[in-house]
Amino acid sequence: MSSQLPPTIEPQAAARWAQQLPMESAWLHEEVARRMDERLGWIVRQPDNWVHWDPLRGGLQAQSLLTRRYPQATCYVHQTTEAQMGAVRKHWEKAWWRPARWTGPTVRFEPPKQPVQMLWANMAIHMAQDPMELIRKWHQAIAVDGFLMFSCLGPDTLRELRQLYSRLGWPAPAHEFTDMHDWGDMLVRAGFAEPVMDMERITLTFSSPAKLLDELRGLGRNLHRDRFGGLRGRQWLARLHSAIGRELVSSEEPQRLQLTFEVVYGHAFKPAPSLSVAGESSISLQQMRETLSAGKARGGVPR
């Protein structure tokens, strides 16, 4: 476990969320996957194999996008539980009649025996109880010169709902989300190189408070340590609906409600291991002479 866990995430709540079996991928996750796929056009490298990390939540439709982009690459599916893996396999087997089912790339429902050249993780890490440990796992799964593509929610997400809860004196509606610059620092600490981070804000509108809350339930859960610990009653829910309908009105569409989502995108490469000095190190005079002699024989001092 990392020594620096997210301060607002309760680990037990995050673990329970990771074990749940979602019925379908959230619409926003599918849309973010589509936008992340467009960013793959910036990367010249064509992987021969890759890992699809948690597609059941991250977006099952992304599988077809990546299949078209990398038609010869073998895909390895990763899910947290066997039940989740079975749901992904069932979804794939429903497509037995499609030509891509027989002529497309291989999809394997097992861990790869060797590191892969790309790992794709859409909208997953902001729900992790130990994000640094997850990044290290991703680093181990990727081959040298391979790369990571991921996305997550940023700190400006749900700003309207957070302000509403604060005005009503209620605990926060969600845990805090990490800034993209902090993600970049964590990637470097884990051993990745050349991290590129960017973000955008997406505003979703809804026809009613009930529709808005239904969408949020599909996106995730409130993992905040200080969230309300008991069950809410009908009166509280009616008050919430009333407050949302009154205060989250869209300025451009007064008949609709709006919520802001900050989406962070990142990619980074795994470089070859470099020589590092940990603590105190020593080299003998004879070793130094041999090293310098080898450099002179090649016409220069070794770098």
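A few comments on the model shown:
- Comparing R232, R57, R217 in a Gaussian network model of the chain, where Cα atoms under 10 Å apart are tied by springs, the biggest mean-square fluctuation is seen for R232.
- Filtered chymotrypsin sites (Phe, Trp or Tyr not before Pro), region 106-196: DSSP coil and at most 16 other beta carbons within 10 Å: F109
- The chain, helix-only ellipticity at 222 nm - DSSP H runs n ≥ 4, -39,500 (n - 2.57), divided by all residues, nearest 500: -12000 deg cm²/dmol
- The GNM of the chain, with springs linking C-alpha atoms under 10 angstrom apart, assigns the highest mean-square fluctuation among Q163, Q140, Q117 to Q163.
- In a simple Cβ point-charge model (Lys, Arg +1; Asp, Glu -1; nothing else charged), region 11-274 has a dipole of about 800 debye relative to its Cα centre.
- For the chain, share of DSSP beta bridges that run antiparallel, in % to the nearest 5: 55
- Two-site label geometry, V188 and L21: point separation in nm, points 7 Å out along Cα→Cβ: 4.4
- Computed lengthening from R246 to K113, 0.36 nm per intervening residue step minus Cα-Cα distance: 42.4 nm
- Förster radius 51 Å - calculated FRET efficiency between R167 and T106 (Cβ-Cβ, nearest 0.05): 0.45
- This ranking places K270, K137, K113 by how few other beta-carbon atoms lie within 10 Å of each, fewest first, which gives K113, K137, K270.
- Cα-based reach from K113 at 29 Å (exclusive), listing lysines while leaving out same-chain residues under 8 positions away: K90, K94, K137, K270
- Spin-label proximity, R225 to region 153-195 - amide N less than 18 Å from point 7 Å beyond Cα toward beta carbon: 171-179
- At the listed q of 0.18, 0.20 Å⁻¹, the Debye profile of region 142-210, built from one uniform point per Cα, gives log10 I(q)/I(0) equal to -0.83, -0.92.
- Projecting the Cα atoms of G58, L212, F269 onto the dipole axis of the chain, where Lys and Arg carry +1 and Asp and Glu carry -1 at the beta carbon, places G58 farthest toward the positive end.
Any read-out appearing in this document is the output of simple, stated calculations on the displayed coordinates, not a laboratory observation. Keep in mind that what you see is a predicted model, and the values were worked out from it rather than measured. All Cβ positions, glycine included, derive from the backbone under ideal geometry; neighbour counts span all protein chains shown.
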